[in-house]
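Working notes, structure below.
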Amino acid sequence: MSKKTEISFEQALTELEQIAENLERGQLTLEESIKSYERGMELRTLCQSILAEAEGKIEYLAKSGSGETQKKTANTKSETSTRAATPPADDDELF
């Protein structure tokens, strides 16, 4: 794999999706499948690297004035559904 700046995250993800589709169809030769798999693994590593770098930038930008990281994460489905299923104790919590 060459420099990671030569391909954007979106391009890598699109190519990775195409490789997955081609492999799922099962119409590639063994050699083509192996090469596609190898390229897919390169793209996976690239995407993970780009995402890790982006996460680092976000954490840096989220630092408070005291220098402490204010790490905020998105809710997962299970957290969201749990919260939605649990009503507030009284009406005052709604406002």
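The values are calculated or read from the model by the stated rules, or taken from the named source; none is laboratory data. Note that this is a predicted model, so its numbers are computed, not measured. In this analysis, Cβ positions are derived from the backbone assuming ideal geometry, glycine residues included, and neighbour counts consider all displayed protein chains. We work out accessible area using only protein heavy atoms, side chains counted, and drop any ligands, DNA or RNA first. Shrake-Rupley method; radii C 1.70, N 1.55, O 1.52, S 1.80 Å.
Solvent-accessible area of Ile58, all protein chains in place: 110 Å² (probe radius 1.4 Å, heavy atoms, ligands and nucleic acids excluded). Diagonalising the gyration tensor over the Cα atoms of segment 9-66 and scaling each eigenvalue by 5 before taking the square root yields semi-axes of 35, 9, 6 Å, largest first. Which of the trypsin sites (Lys or Arg not before Pro) across segment 3-36 are loop residues per DSSP, with 16 or fewer other Cβ within 10 Å? For trypsin sites (Lys or Arg not before Pro) across segment 3-36 that sit outside H, G, I, E and B with at most 16 neighbouring Cβ atoms in 10 Å, the list reads Lys3.
Modelled this way, with points 7 Å down the Cα-to-C-beta line, the labels at Glu55 and Leu28 are 2.7 nm from one another. Here the accessible area is traced with a 1.4 Å probe on the protein chains. For segment 9-66, carbon and sulfur cover 56 percent of it. The magnitude of the dipole of segment 9-66, with charges of +1 and -1 set on the Cβ of Lys/Arg and Asp/Glu and taken from the Cα centre, is near 220 debye.
For Leu30, the accessible area of its heavy atoms, probed at 1.4 Å with every protein chain present, is near 130 square angstrom. Placing pseudo-labels 7 Å out from each Cα toward the beta carbon at Thr14 and Glu42 gives an inter-label distance of 1.8 nm.
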